[in-house]
Amino acid sequence: DDLLLERHGGGARAGAARRGGAAAAADKEKTHTILESIDLSDGSDEDFALEDLPDDPDLLDDEEETLDDINRLVAEAKPQEEVAQGYQGGGDGHARVQQRPQVIDDFFRNFLIKHGMKRSLETFQTEWYELQQSGKFKDSELQVVPDIFTQNHGLHEEVVMLRGEVEKARAVASTAKQTWDKFRKERDFHRMHHRRVVQEKNKLIVDLRRLKKHYEQYEPTLTELKHKYEVAMKEKMLMRLERDRFLSKVETLQKQLSQVQADSKDDFAASQEQREQTSRRPKQAPWPSEDRTNPNANSNYEAARVEDLKKSQTFKGHQGAVSRIAFHPSIPVVATASDDGTWKMWSMTEGQLVLSGEGHKDWVSDVAFHPRGSLVATTSGDFTVKIWDVAKEKCKHTLTDHSQAVWSCAFHDLGDFLVTSSMDQTAKAFDMQSMKCRQTFRGHVDSVNYITFQPYSNVVLTASGDKTVSMWDLRTGLCVQTFYGHSNACNQAIFNKRGDTIASCDSDGIVKLWDVRVVSEYLQIATGQFPVNGAAFDRSGKVLALASGDASIKTFNVEERVFVANLEGHHDSVQDVAFEPTGDKYLVSASSDTTFSTWQ
């Protein structure tokens, strides 16, 4: 047997290492080179005398140092991955063989042995161990010799890492390109927006300059008109003072004349009046005839163009909410009733005050003109109804038949009867000649909020807080028909000019249209969550204007069943609305903001 020795230690075993290296090289080349021949006999060891050799401390220390050096070199030369695999290897129960990489000195020895350079090998061995024993080599210089696979593996990992970095750089570059494109688009957008703003600014500057020039042209005219106005006001004040002086003189003279006449005729007038009162009885007006025809029954007026209406003027003539508005039957005058306890008459469309009526002790709820225009009836929260003489500008009569607040009133088209509705759940008809109650309509179970006549007939229409609308016979006082369908208190119910359609509105914002001929509902209008306080038909009966609690006037075409326009301009709830009666030229609205407005 050949014994192959590998040297890892000191110089004591140099020859054995040389023999081991030569044997390894010869085995690699498939040749046999005998360095030293040792005969091993099969004889018994009993022929030799064995003696114990003393332990040499120096040799033991040297051997321990050599083992430490070998372990250290093996630990430094083995890669961490192979160490980990070595610990994990044996898991499947099979032994694994690993090849330990060559260190520097072994690499040179194998090279010299391979090429047969024996003298060079001896010289290298001598010098190498002398330098190693003297400590001139550093640990970093005793590394293993990297083979081609290790180098390729390291270069492959480096290439993979560099490719990953290249991909990351490409992704970053792509993201940067997208961001740059986005910023470029935003820059172009903002640049275009800036140009547009600059153009608009320049346009506004030009308009402002043009308006300034236009205003400068009107400045002298305005100054001249202001001067003329001041002169006219001074003249007006002087004329008013002079008029008051003459009126006071006339009043004084009239008082003196009246006093003189009263002294001479006082007794005669008193006796004559007493005889007349005893002999005269109040005359009662006859009930209106039923065979009269409605002149508007076959009329075909053009519908009011409410879509073109704009707010024209606003008049503030009361200290409280304006609850009702009514047109004079023949002249352009309107009357307004207010919660401040007064009613007033105004000329249209200038809005100049014509007459003011004061006498009620509580809010005034309604105002109505006599068909001939000479009388005005007002209802109030003080339980009374007052008849006013417009010509004499005073209250002619006060009706006190109701036991609670009176909400509404209306004159018959002949002017002989006045109907009123009250919170005492009744409606009454008064004779305008005798000033007495001729009929009481009982049947509602809640406040009667509104009352009116069917045009040119003896039928009375009432709207009540009991959610019903009823028709009554003026002569008999009986209920002719009751319309059910509202879910809340009815605030108002009106006829159109032809008298064949009723529009009723309630506190839920619902408006219902009823056909009187077939006694049924044919249209319902939902205006929203705010109550509808009043309604008005135009002359044609095709357009319906509604006074809404949301401070607007809503107009509908009931023939086409479409919403037309929403007129906004008041600051509080609109209480009433009315069309100009002669030609629907304009619309007047009354509001809780203490004003009434014209729309034309």
Test set (1) out of contact with any Ser or Thr (no Cβ under 8 Å at 6 or more places or on another chain); (2) touching a residue at least 24 places away in the same chain (Cβ under 8 Å) - THR314 fails condition number: (1)
Subset of the stretch 572-593 [more than 20 Å from TYR450 (Cβ to Cβ) and either at pLDDT 95 or above or not small (Gly, Ala, Ser) (or both)]: ASP572, GLU580, THR582, ASP584, LYS585, TYR586, ASP593
Residue list for the stretch 469-519, filter: within 40 Å of the chain's Cα centre (by Cα) and more than 21 Å from VAL532 (Cβ to Cβ): none
Hey, SER504 of a type in the set (Ser, Thr, Tyr) and closer than 22 Å to SER408 by Cα or not: yes
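Given the stretch 343-459, what strands (runs of 3 or more DSSP E) lie entirely inside it while holding 3 or more residues that are surrounded by fewer than 19 Cβ atoms within 10 Å (Cβ to Cβ)?
Details: elements: 352-358, 364-369, 375-380, 385-389, 394-399, 406-411, 417-422, 426-431, 436-442, 448-453.
Filter on the stretch 343-459 gives 352-358, 394-399, 436-442.
The values are calculated or read from the model by the stated rules, or taken from the named source; none is laboratory data. Note that the structure is a prediction, hence the values are computed from the model and not measured. Virtual Cβ from ideal backbone geometry, glycine too; neighbours counted across all protein chains shown.
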